Structure formats: structure tokens, C-alpha cells
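Notes follow once the structure below has been shown.
The values are calculated or read from the model by the stated rules, or taken from the named source; none is laboratory data. Remember, it's a predicted structure, so these values are computed and weren't measured experimentally. Positions of Cβ are backbone-derived with ideal geometry, glycine not excepted, and every protein chain shown enters the neighbour counts.
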Amino acid sequence: NGALVDLPAPSNISIWWNFGSLLGLCLATQILTGLFLAMHYTSDISTAFSSVCHICRDVSYGWLIRNIHANGASFFFICIYMHI
């Protein structure tokens, strides 16, 4: 064993236990990207689409934040399914 510290661990812990931590990471990412997107989003019915276009085209890395938020939601549900 080449570990620095040899700590005891329960024998029932497997790789499937990582999905709980991934859920926490996904949730934190969703909250942060959602807050950044909410700063530039307008929910009025006549300007909602143009505000999304503004986020993708004019905001620095807005396209990246929007894609991380959208794909993060899908990854969150995959992790929930695997966690259950």
C-alpha cells in the first residue's frame, strides 16, 4: 500500500458513493450559474427571448455559462438516478 495514511474504511463503500458528492457539486454549480444568468435575464414575455440572445452574444462567456447551466441540469438528474 503506497498511501501516506492508512485509515480504516467501511467495507461496503464502493464507487457508487461518489454520486452523492457529485450531486452536491452539481447543485452548487447550478446555483452559481443560475445567479449569473439571472443577473442578465428579463422574464417579460416580450423581451425574454432577446435577453437570452443578449446573454449568449453580448455577455462575456455568457454562452458558456448558459451551456454549463443547461447541461448541468441534465447531469444533475443523471447523478440523482445513479445515486438512488
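Listed values, structure above:
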| read-out | value |
| --- | --- |
| Unmet criterion (only one of (1) in contact (Cβ under 8 Å) with a residue 60 or more places away in the chain; (2) surrounded by 13 or more Cβ atoms within 10 Å (Cβ to Cβ)) for Asn18 | (1) |
| Residue satisfying condition, being without any contact (Cβ under 8 Å) to a residue 40 or more places away in the chain and surrounded by 11 or more Cβ atoms within 10 Å (Cβ to Cβ), within set Leu7, Leu23, Leu27, Leu32 | Leu32 |
| Cross-chain or 6+ apart pairs with Cβ under 8 Å, the stretch 49-69 first and at negative phi, then in a helix (DSSP H, G or I) and of a type in the set (Lys, Arg) | Val52/Arg66; Ile55/Arg66; Cys56/Arg66; Trp63/Arg57 |
| Matching entry among Asn67, Asn1, Asn71 (being polar (S, T, N, Q) and at pLDDT below 95) | Asn1 |
| Test: residue in the stretch 15-32 that is touching a Phe, Trp or Tyr at 6+ places or on another chain (Cβ under 6 Å) and β-branched (Val, Ile, Thr) | no |
